[in-house]
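Have a look at the structure below, then the notes.
The values are calculated or read from the model by the stated rules, or taken from the named source; none is laboratory data. The shown structure was predicted, so the numbers you read here are calculated from the model rather than taken from an experiment. Backbone-built Cβ (ideal geometry, glycine too); neighbour counts: all protein chains shown.
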There are 4 protein chains.
Amino acid sequence: MGAAGYPTALGASSTDAITLLGHDLAADVMGKVGFGELAYWLATQRRPTAGQVRVFEAVLAALADHGFTPTAIVTRLTYLSAPDSVQGALAAGLLGGGSRFLGVTEDTGIFLHEVLDAHEGPLPARDEEWDALALATVAERRASGRFVPGLGHHVHKRGDPRTPRLMEIAREEGVLGPHLELFAAIGRVHPDVLGRTLPLNGAGVCGAALADLGLPLRLLRGFALLARTAGLIGQLAEELRHPVANDVFLSVDLNNRPVEPDPYPGGAG
Amino acid sequence: MGAAGYPTALGASSTDAITLLGHDLAADVMGKVGFGELAYWLATQRRPTAGQVRVFEAVLAALADHGFTPTAIVTRLTYLSAPDSVQGALAAGLLGGGSRFLGVTEDTGIFLHEVLDAHEGPLPARDEEWDALALATVAERRASGRFVPGLGHHVHKRGDPRTPRLMEIAREEGVLGPHLELFAAIGRVHPDVLGRTLPLNGAGVCGAALADLGLPLRLLRGFALLARTAGLIGQLAEELRHPVANDVFLSVDLNNRPVEPDPYPGGAG
Amino acid sequence: MGAAGYPTALGASSTDAITLLGHDLAADVMGKVGFGELAYWLATQRRPTAGQVRVFEAVLAALADHGFTPTAIVTRLTYLSAPDSVQGALAAGLLGGGSRFLGVTEDTGIFLHEVLDAHEGPLPARDEEWDALALATVAERRASGRFVPGLGHHVHKRGDPRTPRLMEIAREEGVLGPHLELFAAIGRVHPDVLGRTLPLNGAGVCGAALADLGLPLRLLRGFALLARTAGLIGQLAEELRHPVANDVFLSVDLNNRPVEPDPYPGGAG
Amino acid sequence: MGAAGYPTALGASSTDAITLLGHDLAADVMGKVGFGELAYWLATQRRPTAGQVRVFEAVLAALADHGFTPTAIVTRLTYLSAPDSVQGALAAGLLGGGSRFLGVTEDTGIFLHEVLDAHEGPLPARDEEWDALALATVAERRASGRFVPGLGHHVHKRGDPRTPRLMEIAREEGVLGPHLELFAAIGRVHPDVLGRTLPLNGAGVCGAALADLGLPLRLLRGFALLARTAGLIGQLAEELRHPVANDVFLSVDLNNRPVEPDPYPGGAG
């Protein structure tokens, strides 16, 4: 620590007062600031507009729960094994929020941002201009053998219903910005390059929307995790009343098939 | 798994549709349901009223961030050490949400519920009746040498500003129920038994409010963790722009004082 | 921090030297101290004898891996979902090491210790005396409606092969102390009280042995977790070569059965 | 699951028997297989030689504890905050085992492996040949503006004592293979390219040794985490007897310096 101490604009308290983001917590935050709004505010230290909050909460709703995902199964199994620690069950589930599942949100937001950041001159203003940028972008990804983040879905092959809906909400609120514009354009033009039509997936559109909202790009995954925390509490609540974790465990354990060890190729020894 | 499969009322999807809690996610949830409302709904499978949501979100605001708590320091240090894993930094912070810190919320809610549950006859209707129940409750705790959960605070010795504010909000919304009534009565009568005046703390009143809202008692800690997830994202966002974790680490490491091992008393060997 | 800094007898380093437990790490620890021995030493700051190490490592072997337990499934599923974070997959698995599964080791060690601690006069010296103490202990547990920790196993109903083996090793090494003596006596006498014969389980005998070795009682669960860390790495290594996690996930997800929400009983609102 | 069930060669049990890696756990593993040996065996499904075990355990000793690292501080703070969950405190500490700290071990092992893998023709046999390969390797890294993993240390600037010691042990045991050879050669030749002499660090040499031992490259970080689990238990044991976590927490919290919010650059809204 320097002589100046550890600076923070978040929670602080004295004997008689508690402040959060420079405001009186009891008088000016509790009862006046919704939870989505507060989460946004905490992440940016900038109070969002009502429109920004609506889009942000739509993203959180889109990502909160997707049924029996690995993260949901993990939370239920961990609670089965260690019912003394709700925090452990939730933390275990969140640890599945990595590159493969929740990562799409982050990857898409960062990808779009990098394209926009590298773009020289003013950003496109009309759809045709966005389409041209998108076309060049998809072509370049293809040429370098890389996927376009946010494009494709293993279930919603004919279109992910979250995508047009989130764009609609963003448009209604006047916060449809360049990341969503570019993402939409990618959705229009990619068949010309790839030779087939893929859906713009929900995780991707959420990443684009979060980037448009001006949330920290390196923490986009964090918002997916926040949404999922609410979902995992829902999973635990359901598990308490209609348990399935023990059946899941037994379905694996009772179907184990002992095999001979398969020695890993040896080292120098 | 039985022949009937694994039942769930949470997220489900088919090729063309995604539902959550039995509703069409894109059409009926996104853009229409706030995040606090959704978290409540997921946990109870019962859609809350606007008043319930306001109290619930006030609780989440009260618990979201308390500055440089151990959980906040842990999240920042973990991110310093493993910046590749936002999920790991958040999960590590949440793991501090146990019996000592966030546990007060859960302990208070459960304690109040047990008193109410053990109460024979109709619940009190007037303040004097609540006071009588509270007096007996505090006296019994004292006689058995146990603390009263939610009573006392190491900083806000003259009163925790969150407590009257949350009661006020609950009263405004008509959801001030028996847990808050009993908690308030404990605040009024405990000096008669304990011989000194202690504040009803914010973590405790949150537990009482969550119990009044009908949220699952065994998961009360989970809501504190949900609130804290938003706070920890805020901590990470601030760490990215105004880092302190490395200074914290060095302040400990550079002040280490090597001492001789202190052998633990031996076993039978 | 006080003026005196943060004391530690564990790892320390200067520009030219690294010490661990007061010894030169490179010269006196690496190549000379086995891993089980080191773990014991770190936990007690007391170098164990060869006999103590052998018993300790036998305990770790007994607890390292039990096949497709919830913790193993959790580690595999988390790795499936977040392959970028090996630490997250291992941590998630360890979080299942709570009261229900790995907790038996800790519960048994603490239970035996409390009985011995409460025993007045010198400890028993002969089997008959141990049997008398065990009889009183089991009878008291039964009278108060509580289980005897370490007694019973859902699979090894006719006896857990780890139990006699660990006792044999402890006896060979001369470190069979009062916790194991009492545990063995419980095995002999409990049918007289309970009316049926239950096996002394492996998790329990491990707790008794760890207590006899003089390891910190409040951390007994930690040694089970250390053993399990090795097991979970084995699970991940096998998953890399012969993956099952995606099949486990699909077996749950494809068998989900959407049901109507089941509203939780409401609160005051 | 296919009709064939979930294959595993790890732990399995029936009513009367428990096997691990195809061996009878009680008769053939407990009391006969050390913990380091077992961890190696579990990870490779190939029983190591005594020499391989000695090198492996030397690596684990080198990585077990480095004093008040972020991971150690995190484990202590988490235990302070949630003393009910030893598993949570250990898991939180392990979550710091990411790219920055423990990652060096993995990065070095993988880097060396990739160089060897890309090498055409037979591997070098004499020091001069290794030096030539090392020279080309370091030059190429420099030309592409990348660091050489395992080279450099912020404290042990004149040499990390673990490095020559681990090479010596590997040589004594006849398991000094191509990864260590190449790493040693890098230590000899890099000044010619970089213009200054940097130490081969301990984390790096451990990665080289683990790669030579034939352990799974994608799990090298896991072995550092296994070592660290033992270290973190040591940290918790010391914390129980000589606590510092609360002082660390207060040293941060009491030195917090409230500042005004610093709004993040806005989005499109």
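Looking at the stretch D:94-103, which of its residues are facing chain B (nearest Cβ under 7 Å) and of a type outside the set (S, T, N, Q)? Quick ask: steps written out before the conclusion?
Step one: of the stretch D:94-103, the residues facing chain B (nearest Cβ under 7 Å) are D:95-101.
Answer for the stretch D:94-103, where residues must be facing chain B (nearest Cβ under 7 Å) and of a type outside the set (S, T, N, Q): D:95, D:96, D:97, D:98, D:100, D:101.
Among the residues of the stretch C:247-264, is there at least one that is hydroxyl-bearing (Ser, Thr, Tyr) and more than 14 Å from the chain's Cα centre (by Cα)?
Residues of the stretch C:247-264 hydroxyl-bearing (Ser, Thr, Tyr): C:251, C:264.
Subsequent filtering for residues that are more than 14 Å from the chain's Cα centre (by Cα) retains C:251, C:264.
Among the residues of the stretch C:247-264, at least one is hydroxyl-bearing (Ser, Thr, Tyr) and more than 14 Å from the chain's Cα centre (by Cα), which makes the answer yes.
Would you point out the residue of the stretch A:235-250, among those that are free of Cβ contacts under 8 Å to residues at least 12 places away in the same chain and of a type in the set (A, V, I, L, M), that is farthest from the other protein chains (Cβ to nearest Cβ)?
Checking each candidate, the answer is A:250.
Select, from D:72, D:82, the only residue that is within 14 Å of chain B (Cβ to nearest Cβ) and modelled with pLDDT under 95. Spell out how you get there, then give the answer.
Working: D:72 fails: modelled with pLDDT under 95.
The conditions single out D:82.
How many residues are surrounded by 19 or more Cβ atoms within 10 Å (Cβ to Cβ) and either more than 7 Å from chain B (Cβ to nearest Cβ) or at pLDDT 95 or above (or both) when one looks only at the stretch A:11-30?
Kept after step one, since they are surrounded by 19 or more Cβ atoms within 10 Å (Cβ to Cβ), are these residues of the stretch A:11-30: A:11-13, A:18-21, A:25-26, A:29-30.
Next, only the ones that are either more than 7 Å from chain B (Cβ to nearest Cβ) or at pLDDT 95 or above (or both) stay: A:19-21, A:25-26, A:29-30.
So the answer is 7.
Can you tell me which residue among D:62, D:82, D:92 is touching a residue at least 12 places away in the same chain (Cβ under 8 Å), small (Gly, Ala, Ser) and in contact with a Lys or Arg (Cβ under 8 Å, 6 or more places away or on another chain)? I'd like the intermediate steps shown before the answer.
On the way: D:82 fails: touching a residue at least 12 places away in the same chain (Cβ under 8 Å); D:92 fails: in contact with a Lys or Arg (Cβ under 8 Å, 6 or more places away or on another chain).
Residue meeting the stated conditions: D:62.
Is it the case that some residue within the stretch B:47-60 is closer than 30 Å to residue C:97 by Cβ and of a type in the set (Ser, Thr, Tyr)?
no
Go through (1) under 20 Å from residue C:214 (Cβ atoms); (2) in the same structural domain as residue C:180 (by TED's automatic domain parsing) for residue C:56 and report which single condition fails.
Unmet for residue C:56, out of (1) under 20 Å from residue C:214 (Cβ atoms); (2) in the same structural domain as residue C:180 (by TED's automatic domain parsing): (2).
From the list A:213, A:232, pick out the single residue that is within 14 Å of chain D (Cβ to nearest Cβ) and either surrounded by fewer than 24 Cβ atoms within 10 Å (Cβ to Cβ) or more than 13 Å from the chain's Cα centre (by Cα) (or both).
Details: A:232 fails: within 14 Å of chain D (Cβ to nearest Cβ).
A:213 is the lone residue from the list that is within 14 Å of chain D (Cβ to nearest Cβ) and either surrounded by fewer than 24 Cβ atoms within 10 Å (Cβ to Cβ) or more than 13 Å from the chain's Cα centre (by Cα) (or both).
Within the bounds of the stretch C:173-180, is there any residue that is outside the structural domain of residue C:79 (by TED's automatic domain parsing) and in contact with a Pro (Cβ under 9 Å, 6 or more places away or on another chain)?
Of the residues in the stretch C:173-180, the ones outside the structural domain of residue C:79 (by TED's automatic domain parsing) are C:173-180.
Filter once more, keeping what is in contact with a Pro (Cβ under 9 Å, 6 or more places away or on another chain): C:178.
Yes, that holds for at least one residue.
Mind checking whether some residue in the stretch C:217-232 is closer than 28 Å to residue C:116 by Cα, in a loop (DSSP other than H, G, I, E, B) and out of contact with any Pro (no Cβ under 6 Å at 6 or more places or on another chain)?
Residues of the stretch C:217-232 that are closer than 28 Å to residue C:116 by Cα, as a first pass: C:217-227.
Remaining after also requiring in a loop (DSSP other than H, G, I, E, B): none.
Within the stretch C:217-232, not a single residue is closer than 28 Å to residue C:116 by Cα, in a loop (DSSP other than H, G, I, E, B) and out of contact with any Pro (no Cβ under 6 Å at 6 or more places or on another chain).
Which residue, of B:159, B:174, is at the interface with another protein chain (Cβ under 9 Å from one of its Cβ atoms), modelled with pLDDT of 95 or more, assigned to a loop (DSSP other than H, G, I, E, B) and over 30 Å from residue A:222 (Cβ atoms)? I'd like the intermediate steps shown before the answer.
Details: B:159 fails: modelled with pLDDT of 95 or more.
Answer to the selection: B:174.
Can you report the number of residues in the stretch B:53-69 which are small (Gly, Ala, Ser) and either in a loop (DSSP other than H, G, I, E, B) or within 14 Å of chain D (Cβ to nearest Cβ) (or both)? Working first, answer last.
Filtering the stretch B:53-69 down to residues small (Gly, Ala, Ser) leaves B:58, B:61-62, B:64, B:67.
When the remaining residues are screened for being either in a loop (DSSP other than H, G, I, E, B) or within 14 Å of chain D (Cβ to nearest Cβ) (or both), the result is B:64, B:67.
So the answer is 2.
Return only the number of the condition from (1) surrounded by 24 or more Cβ atoms within 10 Å (Cβ to Cβ); (2) under 16 Å from the mean Cα position of the chain (by Cα); (3) within 14 Å of chain C (Cβ to nearest Cβ); (4) assigned to a helix (DSSP H, G or I) that residue A:107 does not satisfy.
Only one criterion in (1) surrounded by 24 or more Cβ atoms within 10 Å (Cβ to Cβ); (2) under 16 Å from the mean Cα position of the chain (by Cα); (3) within 14 Å of chain C (Cβ to nearest Cβ); (4) assigned to a helix (DSSP H, G or I) is unmet by residue A:107, namely (1).
Please work out if residue C:257 is in contact with a Pro (Cβ under 6 Å, 6 or more places away or on another chain) and within 14 Å of chain B (Cβ to nearest Cβ).
Numbers: in contact with a Pro (Cβ under 6 Å, 6 or more places away or on another chain): yes; within 14 Å of chain B (Cβ to nearest Cβ): yes.
Taking the combined requirement at face value, the residue satisfies it.
Of the residues that make up the stretch D:69-86, is at least one of a type outside the set (A, V, I, L, M), surrounded by fewer than 24 Cβ atoms within 10 Å (Cβ to Cβ), touching a helix residue (DSSP H, G or I) at 6+ places or on another chain (Cβ under 7 Å) and not assigned by TED's automatic domain parsing to the domain that holds residue D:165? Even if it seems obvious, please write down each step before you answer.
Within the stretch D:69-86, the subset of a type outside the set (A, V, I, L, M) is D:69-71, D:75-76, D:78-79, D:81, D:83-85.
The next check asks that each one be surrounded by fewer than 24 Cβ atoms within 10 Å (Cβ to Cβ); those that pass are D:83-84.
From the residues that got through so far, the ones that are touching a helix residue (DSSP H, G or I) at 6+ places or on another chain (Cβ under 7 Å) too are none.
No, the stretch D:69-86 contains no residue that is of a type outside the set (A, V, I, L, M), surrounded by fewer than 24 Cβ atoms within 10 Å (Cβ to Cβ), touching a helix residue (DSSP H, G or I) at 6+ places or on another chain (Cβ under 7 Å) and not assigned by TED's automatic domain parsing to the domain that holds residue D:165.
Looking at D:125, D:134, D:91 in this structure, which one is away from chain B (no Cβ under 14 Å) and not in a loop (DSSP other than H, G, I, E, B)? Walk me through it before giving the result.
Values: D:125 fails: not in a loop (DSSP other than H, G, I, E, B); D:91 fails: away from chain B (no Cβ under 14 Å).
Exactly one residue qualifies, and that residue is D:134.
Residues of the stretch D:42-52 being more than 8 Å from chain C (Cβ to nearest Cβ) and either touching a helix residue (DSSP H, G or I) at 6+ places or on another chain (Cβ under 9 Å) or of a type in the set (D, E, K, R) (or both), which ones?
The first filter runs over the stretch D:42-52 and keeps only residues more than 8 Å from chain C (Cβ to nearest Cβ), leaving D:46-52.
Once the filter is applied, which keeps residues that are more than 8 Å from chain C (Cβ to nearest Cβ) and either touching a helix residue (DSSP H, G or I) at 6+ places or on another chain (Cβ under 9 Å) or of a type in the set (D, E, K, R) (or both), the stretch D:42-52 yields D:46, D:47, D:48, D:50, D:51, D:52.
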